[in-house]
1. Do you know which residues across region 1-27 are part of a loop (DSSP other than H, G, I, E, B) and either surrounded by fewer than 10 Cβ atoms within 10 Å (Cβ to Cβ) or out of contact with any helix residue (DSSP H, G or I) (no Cβ under 8 Å at 6 or more places or on another chain) (or both)?
2. Can you tell me how many residues in region 28-62 are surrounded by 10 or more Cβ atoms within 10 Å (Cβ to Cβ), assigned to a loop (DSSP other than H, G, I, E, B) and touching a strand residue (DSSP E or B) at 6+ places or on another chain (Cβ under 9 Å)?
C-alpha cells in the first residue's frame with residue numbers, strides 16, 4: 001500500500017518515519033496503523049514547535 005511505500009523511503013535514508021496529521025485525524029490514524037506498523041510515530045501539527053523545520057518525503061491519503 002501507499003503508506004508502506006512511503007515508510008520504505010525513510011528506511012532508504014536510515015530515518016525514523018513520522019506521520020503528521022490534523023489534530024482531528026491523528027488519533028484515528030494511529031489506531032488504524034498501530035497493529036500493522038507498530039512504533040509508527042503519528043503527530044498532529046499542533047504538537048510541533050512553530051519554528052521546527054519539516055521536510056516532506058512523501059504523502060499518503062485515506
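1. Scanning region 1-27 gives 1, 14, 15.
2. So the answer is 4.
Coordinate-derived values only; no laboratory data. Keep in mind it's a predicted model, so treat the numbers as computed, not measured. Because the Cβ atoms are built from the backbone with ideal geometry, glycine has one as well, and the counts that use them run over all protein chains shown.
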